[in-house]
Every structure is written in structure tokens, then in C-alpha cells.
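A.B. asks: Dropping the structure in here first, questions after.
The numbers here are math on the coordinates, done by the rules we state, and not lab data. The structure displayed is predicted, hence computed values, not measured ones. Heads up, the Cβs are rebuilt from the backbone with ideal geometry, glycines too, and the neighbour counts pull from every protein chain shown.
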Amino acid sequence: MPKQKTHKGIRKRFKVTASGKVKHKKAFRGHKLAHKGGKRNRQARADRTVEGKQSAMIRYALQPSP
């Protein structure tokens, strides 16, 4: 019987909090930050949460193998 495996790409990008919410980092923070505005860079520092159906799909993909 095949086992369900953790999706490695999702595991690197998302984290499930204790309350069950899914956190991720904002994109476009890797390089070339000098030409982006300060407000944009500050707001991109904060973690975001995933909403709705995508949250359930991510939690399912992060389940450990049974």
C-alpha cells in the first residue's frame, strides 16, 4: 500500500501554527531591495496567513506519512 509523503516543496515554504493556521513568507524579498520602497520592504517582512481552501490543501500535503 503506498504511503502518503510530506510534500517537500510545501514543507520548505509553509508552517502550520498551533491553532491550525498556515503561515508563509511574503515573496520578492530575496534581492534587489534598494529600488523597492521602504514601505513595501517593511510590509514584506511580516509573515502572512493562507486563507480558505488552500489552507486545507496545504495542511493535507504537510501530513506525515501514516
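A.B. asks: Quick check on the chain: helices-only [θ] at 222 nm, where DSSP H runs of length 4 and up contribute -39,500 (n - 2.57) each and the sum goes over total residues. Nearest 500, please.
C.D. replies: Mean residue ellipticity, 222 nm, calculated: -9000 deg cm²/dmol.
A.B. asks: Among the chymotrypsin sites (Phe, Trp or Tyr not before Pro) in the chain, which ones are in a DSSP loop with at most 16 other Cβ atoms within 10 Å of the Cβ? Mind listing them?
C.D. replies: Values: sites: Phe14, Phe28, Tyr60; in loops: Phe28.
Qualifying residues, ordered by number: Phe28.
A.B. asks: Towards the positive end of the charge dipole of region 8-61, with charges on Cβ (+1 Lys, Arg; -1 Asp, Glu), say which of Gly20, Ala44, Tyr60 has the farthest Cα.
C.D. replies: Value: Ala44.
A.B. asks: Also, quick follow-up: Using each residue's phi in region 43-50, evaluate 6.51 cos²θ - 1.76 cosθ + 1.60 at θ = phi - 60° and report the 3J(HN,Hα) Karplus result to the nearest Hz, with x for Gly and Pro.
C.D. replies: 5, 6, 5, 6, 6, 10, 10, 8
A.B. asks: Next up: Return the sequence-ordered ³J(HN,Hα) values of region 12-19 in whole Hz as given by the Karplus equation 6.51 cos²θ - 1.76 cosθ + 1.60 applied to θ = phi - 60°, using x for Gly and Pro.
C.D. replies: After applying 6.51 cos²θ - 1.76 cosθ + 1.60, I find 6, 10, 10, 9, 8, 7, 5, 7 Hz.
A.B. asks: Counting only residues 5 or more places away or on other chains, whose amide H sits under 5 Å from the amide H of Lys26 once H atoms are built in the peptide plane?
C.D. replies: Amide H neighbours of Lys26: Arg48.
A.B. asks: In addition: Label-point separation (nm) for Ser19 and Asn41, each offset 7 Å from Cα along Cα-to-Cβ?
C.D. replies: The answer from the label model is 3.1 nm.
A.B. asks: Can you work out the Karplus-derived ³J(HN,Hα) for every residue in region 30-36? Use 6.51 cos²θ - 1.76 cosθ + 1.60 with θ = phi - 60°, whole Hz, and x for glycine or proline.
C.D. replies: x, 7, 6, 8, 5, 8, 8
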